[in-house]
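The values are calculated or read from the model by the stated rules, or taken from the named source; none is laboratory data. Being a predicted model, the structure only gives us computed values, none of them experimental. So basically every Cβ, Gly included, is an ideal-geometry build from the backbone, and we count neighbours across all protein chains shown. We work out accessible area using only protein heavy atoms, side chains counted, and drop any ligands, DNA or RNA first. Shrake-Rupley method; radii C 1.70, N 1.55, O 1.52, S 1.80 Å.
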Amino acid sequence: MPSNTKVEVRRSPRRRRTVSAYRDGDTTVVLVPATFSRAEEKRWVGRMLQRLEAREGRRRPGDEELHERAVELARRYLGGTELPDSVRWVDNQNSRWGSCTPETRAIRISRRVAGMPAWVVDYVLIHELAHLFIPHHGREFWDLVRRYPKAERARGYLEGFSAGSRAEPCGGEGDDELDADAVAFEE
């Protein structure tokens with residue numbers, strides 16, 4: 001489990017035998033039946049965290065794949081003249097999606113982005129790659145970023161994700177609806 005993840009357990013009187021879990025921003029929500037003992041709850045929380053992490057690990061590219069993708073995007077949309085020396089996932093960026101140090105040509109992408117659609121990850125990479133040309137967020141910078149065809153759509157996705165992460169969850173404790181990224185298991 002990423003070190004920046006909080007765990008929230010929600011007990012539901014409507015749940016009888018199913019346990020499910022999903023990521024909601026930096027929180028992992030685990031839904032359990034209200035009848036579970038504290039020991040059962042603890043056992044199932046551990047089990048669900050392991051399953052979520054395993055699933056995300058299968059879906060999340062490593063640093064090498066991320067670097068290769070960044071180079072491909074730089075060549076396709078930014079002329080390929082300014083390539084990064086390193087691109088890697090980081091766990092310590094909770095208030096930004098990525099960062100770039102133009103002097104060292106190092107790009108860091110928040111691991112929070114890893115489970116998002118590929119076109120959103122690509123946008124974050126393009127944004128940071130553009131900083132290899134222009135370190136500030138002026139007009140020329142945004143002109144470069146807009147070369148990526150899904151730039152506006154990805155910005156909207158990230159803005160919606162941020163707003164949703166700050167909002168109160170819909171439904172409530174008894175809501176058995178699952179998030180698209182949820183995992184559910186029955187005992």
- Just name the residue that is most open to solvent (accessible area, probe 1.4 Å) out of those in region 142-151 that are under 24 Å from the mean Cα position of the chain (by Cα) and free of Cβ contacts under 8 Å to residues at least 40 places away in the same chain. 146
- Flag if residue 152 is over 26 Å from residue 52 (Cα atoms) and either modelled with pLDDT under 95 or assigned to a helix (DSSP H, G or I) (or both): yes
- Task: Quick one: in region 109-120, of everything that is touching a residue at least 24 places away in the same chain (Cβ under 8 Å) and open to solvent by 20 Å² or more (accessible area, probe 1.4 Å), which residue is farthest from residue 24 (Cα to Cα)?
- Result: 119
- Pairs only if they're at least six apart or on different chains, beta carbon under 7 angstrom, first in region 32-49 and at negative phi, second among the polar types (S, T, N, Q) and assigned to a helix (DSSP H, G or I); list them, first residue then second. none
- Name the pairs whose Cβ atoms lie under 7 Å apart, with the first residue in region 89-108 and under 17 Å from residue 126 (Cβ atoms), the second part of a loop (DSSP other than H, G, I, E, B) and acidic (Asp, Glu), and 6 or more positions between them or separate chains? 105/85; 106/85
